[in-house]
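The values are calculated or read from the model by the stated rules, or taken from the named source; none is laboratory data. It should be emphasised that the depicted structure is a prediction, and the values quoted were computed from it without experimental measurement. Ideal geometry is used to build each Cβ from the backbone, glycine not excepted, and the neighbour counts take in all protein chains shown. SASA here: full protein model, heavy atoms, side chains in, ligands and nucleic acids out. Shrake-Rupley method; radii C 1.70, N 1.55, O 1.52, S 1.80 Å.
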Amino acid sequence: MDGSPLVQRLVARSKSKLSVIFLFVDGVGIGVRDPAVNPFAVAHLPVLRGLLGDLPFLDRPSLEGAHALVIPLDANLDIDGLPQSGTGQTTLLTGVNAPAHINEHYGPYPDERLGKLLENNIYHRVLDAGGTAAFANAYPAIFMDRIERGTDRRSAMAQAPANAGLPYRGHADLAAGRAVSASLTNERWPHADSPSLITAHEAGRNFERLSRDYDLTLFEFFLTDVAGHRPARISAVAILERLDEFIGGIVELMDLQNSLLVVTSDHGNIEDNSTRRHTRNPVPAILVGSGRHEAARRMHSLADVAPAILHAIGLADAG
């Protein structure tokens, strides 16, 4: 067994019940092992390498460490064309093959067709079964104002909690460490009284602490997709390194006996800098902690993620 201080801390902690921490990262696929093309082959990612022993690439997409594993998931879902965020995220949240349901990959935002599917999403199922759930993203007042005016453009990940009646977290939650900002570090928060800057590692610790109060806690990180589409605006390597630090903060406090961390995506993008478009590469499902082998056995495509999570929580039998 790995005797590193991180793993020792992971094993030492204990809680009273299983919970699932769902980290959704937009636009992350498994690409070729080529530093000229794939920023994963360049970035310094000590947390992921420590958990998995290596990083997943197309020549070796499945890996396992002492307390974590990664497997590839199909994001194409038997539909031609490039996978898109609207259908990919809806599939992750509902367990329904959304591209097959509407006969196309569609996005970035869900339309009326996908909105109907989102009316029965994973939050509904957790709450209807008597469980508890939370959406960890913090939003500034301008986001709330746009919703009130009807001018907002919300991803499926952001729409789903509202559909289930869950509240959005705001500035006060972020300042209290009860939410996580889109940047992880609170950079560029549009508020006159901006919260203090923190490290991505501390943001991860805040996310894990928040998750202790819920059966399911989800956070949406979309800067990976932004980096893939707009490399001149944001560095793919820098964003991956920030994400790695964030995951380090989560697993540092996790109880491996009673918590499962699920990290996955909706489609490929950032892993191939030869294109600014999405890819048809598989996406990684990184599973850390309790129930990871059973969850991996149940996951083959994006449509299997929600049922596997529900089964892991023990609130529903996904079959």
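Please list Thr151, Thr264 from largest to smallest accessible area, probe radius 1.4 Å, with all protein chains kept in place.
Descending accessible area places them as Thr151, Thr264.
Name the residue farthest towards the positive end of the dipole of the chain from the options Leu77, Thr275, Leu210, assuming +1 on Cβ of Lys and Arg, -1 on Cβ of Asp and Glu, about the Cα centre.
Result: Leu210, furthest along the dipole toward the positive end.
Amide H of Asp266: which non-local residues (sequence gap of 5 or more, or other chain) have their own amide H closer than 5 Å, using H built in the peptide plane?
Gly27, Val28
Measure out, as a whole number of angstrom, how far apart the alpha-carbon centroids of segment 40-102 and segment 121-169 sit.
The distance from the Cα centre of segment 40-102 to that of segment 121-169 comes to 24 Å.
Computed FRET efficiency, Cβ-Cβ of Ala129 and Asp78, R0 25 Å: what is it to the nearest 0.05?
FRET efficiency, Ala129 to Asp78: 0.25.
With every protein chain left in place, what is the accessible area per residue of the chain in square angstrom, probe 1.4 Å?
40
Can you tell me which of 23-29, 227-233, 70-76 comes out highest on packing, and rank the rest after it, using the mean Cβ neighbours within 10 Å?
Order by mean packing, descending: 23-29, 70-76, 227-233.
Does segment 196-309 come out rounded, prolate or oblate, given a ≥ b ≥ c as the square roots of the eigenvalues of its C-alpha gyration tensor, rounded meaning a/c under 1.5 and, failing that, prolate meaning a/b above b/c?
Note, shape of segment 196-309 comes out oblate.
Where the accessible area of segment 97-161 is counted over protein heavy atoms with a 1.4 Å probe, how much of it, in %, is carbon and sulfur?
In segment 97-161, the share of accessible area belonging to carbon and sulfur is 44 percent.
How many percent of all Cα-Cα pairs in segment 187-238 sit more than 13 Å apart?
Looking at segment 187-238, the distances longer than 13 Å represent 71 percent of pairs.
Assuming a ≥ b ≥ c are the square roots of the Cα gyration tensor eigenvalues, decide whether segment 73-147 counts as rounded (a/c under 1.5), prolate (otherwise, with a/b larger than b/c) or oblate.
oblate
Can you give the percent of C-alpha pairs in the chain whose distance is more than 36 Å?
Value for the chain: 10 percent of Cα pairs lie more than 36 Å apart.
Give me the one-decimal nm value for the distance between modelled label points at Glu119 and Arg233, 7 Å along each residue's Cα-to-Cβ direction.
Placing both labels 7 Å along Cα→Cβ, they lie 3.3 nm apart.
Using unit Cβ charges (K, R positive; D, E negative) and no other charged atoms, how large, in debye to the nearest 20, is the dipole of segment 172-298 about its Cα centre?
With Lys and Arg at +1 and Asp and Glu at -1, about 400 debye.
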